[in-house]
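Undergrad: Supplied in structure tokens, the structure appears directly below.
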Amino acid sequence: MRTLIDYLKELDERAADQVFCHFLERGEDRPVTFREVLRRGFAYAESYRRRGLDQGDVVVIILEHSDDLFYAFVGAMLAGGVPTMMAPATEKQDPALYWRAQQQLFQRIGAKLLVTYPDNVPEISRIAASSATTIITPDDVPAESVERRFPRVESDDVAFLQFSSGTTGLKKGVALRHRAVIKQIESYAQCLGIGDDDRIVSWLPLYHDMGLIACFILPLLRRIPVVMMDPFEWVCDPKSLFRAIESYRGSFVWLPNFAFNHLCQTVPPDGDYD
């Protein structure tokens, strides 16, 4: 049985110069190729190993909307680690409750490394002090890696962790193995008839299970371009989703129910979109 690492090797060999993601931010389109995902992923992997990451160690990623989300996650897998995405704090949350829950999670997971943005470092340093978790930021990661090596993993090894939203209590985690992820992606793509000419448009955050699997892992493994929007920009300007689907000829978009409601309530019905 194949692993996600086998798919990454194929990307390195066959699809390096193809665009993986049109990363949209503040009206700008920053194309990211598969080569860039792997190049920066290897740089993250080297940084992780230099800080003591061993095979199977957990890497927690708490980043705002940025392409470093891709690189940090792929880099953890390339280093033989187990990545997991978690939501950054927002203005709608009680900071005390948020950080208390994060502290419990860090201790429960036993995270070896945590990747976050600089503004988060002081608070995370405080709550992670008792869990022996090393903190790094994207600024600590070099642009290039000295070495490019793929880890040896088995199909029954854990590929990454996926956590629930935590809206009704402490986040619940599930360990997803390489075998299960690949089986899901292959059956899902076949059922939906996803082909080489398709394109995914998404504003879903990558710590969301639908965003992570359908809008990151699936296009990465199936070599399908994805148009990635900032969730908060979309909430403030719901029409931007329709514009992106129209401009980039999107053929797939995943939305939870509240998003359909948001679009119905905020986008004028006289809008004209293809």
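The values are calculated or read from the model by the stated rules, or taken from the named source; none is laboratory data. Remember, predicted model here, so these are calculated numbers, not experimental data. Virtual Cβ from ideal backbone geometry, glycine too; neighbours counted across all protein chains shown. Ligands, DNA and RNA are excluded from the accessible area calculation, which covers all protein heavy atoms including side chains. Shrake-Rupley method; radii C 1.70, N 1.55, O 1.52, S 1.80 Å.
Undergrad: Condition first: free of Cβ contacts under 8 Å to residues at least 60 places away in the same chain, assigned to a helix (DSSP H, G or I) and more than 18 Å from the chain's Cα centre (by Cα). Now tell me which residues in the stretch 187-237 satisfy that.
TA: Ser187, Tyr188, Ala189, Gln190, Cys191, Val235, Cys236
Undergrad: Give just the number: which of (1) open to solvent by less than 10 Å² (accessible area, probe 1.4 Å); (2) over 29 Å from Ser251 (Cβ atoms) does Val158 not satisfy?
TA: The single condition Val158 does not satisfy is (1).
Undergrad: Mind listing whichever residues of the stretch 16-48 are in a helix (DSSP H, G or I) and either on the phi > 0 side of the Ramachandran plot or open to solvent by 50 Å² or more (accessible area, probe 1.4 Å) (or both)?
TA: Arg35, Glu36, Arg39
Undergrad: Next question, about the same structure. How many residues does the stretch 111-133 hold that are over 20 Å from the mean Cα position of the chain (by Cα) and either within 24 Å of Val158 (Cα to Cα) or among the polar types (S, T, N, Q) (or both)?
TA: 6
Undergrad: Could you tell me which of the residues Phe106, Phe70 is in contact (Cβ under 8 Å) with a residue 24 or more places away in the chain, over 19 Å from Leu218 (Cβ atoms), among the aromatic types (Phe, Trp, Tyr) and out of contact with any Asp or Glu (no Cβ under 7 Å at 6 or more places or on another chain)?
TA: Selected residue: Phe106, the only one of Phe106, Phe70 that is in contact (Cβ under 8 Å) with a residue 24 or more places away in the chain, over 19 Å from Leu218 (Cβ atoms), among the aromatic types (Phe, Trp, Tyr) and out of contact with any Asp or Glu (no Cβ under 7 Å at 6 or more places or on another chain).
Undergrad: Okay, moving on. From the residues in the stretch 252-274 that are of a type in the set (Phe, Trp, Tyr) and in a helix (DSSP H, G or I), which one is surrounded by the most Cβ atoms within 10 Å (Cβ to Cβ)?
TA: Phe260
Undergrad: Which number in (1) more than 23 Å from Leu11 (Cα to Cα); (2) of a type outside the set (Ser, Thr, Tyr); (3) surrounded by 18 or more Cβ atoms within 10 Å (Cβ to Cβ) marks the one condition that Arg249 misses?
TA: (3) is the only condition that Arg249 fails.
Undergrad: Could we say that Leu113 is surrounded by 15 or more Cβ atoms within 10 Å (Cβ to Cβ) and modelled with pLDDT of 90 or more here?
TA: Answer is yes for this residue.
Undergrad: In addition: Take the residues in the stretch 121-137 that are closer than 29 Å to Arg35 by Cα and touching a residue at least 24 places away in the same chain (Cβ under 8 Å), then tell me which one is surrounded by the most Cβ atoms within 10 Å (Cβ to Cβ).
TA: The residue in question is Ile136.
Undergrad: Give me the residue from the stretch 225-246 that is β-branched (Val, Ile, Thr) and modelled with pLDDT of 95 or more and, out of that set, nearest to Glu10 (Cα to Cα).
TA: For the stretch 225-246, the residue satisfying everything is Val226.
Undergrad: Could you give me the residue pairs with C-beta distances under 8 Å whose first residue belongs to the stretch 243-261 and is of a type in the set (Val, Ile, Thr), whose second residue is surrounded by 16 or more Cβ atoms within 10 Å (Cβ to Cβ) and part of a loop (DSSP other than H, G, I, E, B) wherever it lies, and which are 6+ apart or on separate chains?
TA: Ile245/Val253
Undergrad: Looking at Glu13, Glu28, which is the one that is without any contact (Cβ under 8 Å) to a residue 12 or more places away in the chain and within 24 Å of Leu241 (Cβ to Cβ)?
TA: Unique residue meeting the criteria: Glu28.
Undergrad: Take the stretch 61-86 and flag every residue that is outside any helix (DSSP H, G or I), of a type in the set (Gly, Ala, Ser) and under 13 Å from Tyr117 (Cβ atoms).
TA: First pass over the stretch 61-86, keeping only residues outside any helix (DSSP H, G or I): 61-67, 79-86.
Now restrict to residues that are of a type in the set (Gly, Ala, Ser): 66, 79-81.
Result: Ser66, single match.
Undergrad: Confirm whether Thr90 is closer than 22 Å to Phe216 by Cβ and free of Cβ contacts under 8 Å to residues at least 24 places away in the same chain. If you could, list the steps in order and put the result at the bottom.
TA: Values: closer than 22 Å to Phe216 by Cβ: yes; free of Cβ contacts under 8 Å to residues at least 24 places away in the same chain: yes.
Spelling it out, Thr90 is indeed closer than 22 Å to Phe216 by Cβ and free of Cβ contacts under 8 Å to residues at least 24 places away in the same chain.
Undergrad: I would also like to ask the following. If I filter the stretch 138-155 down to residues being open to solvent by 80 Å² or more (accessible area, probe 1.4 Å) and charged (D, E, K, R), which single residue comes out as modelled with the lowest pLDDT?
TA: Looking at the filtered set, the residue picked out is Glu144.
Undergrad: Quick test for you: out of Arg223, Arg199, pick the one residue that is touching a Pro at 6+ places or on another chain (Cβ under 8 Å), surrounded by 14 or more Cβ atoms within 10 Å (Cβ to Cβ), among the charged types (D, E, K, R) and closer than 22 Å to Glu246 by Cα.
TA: Arg199
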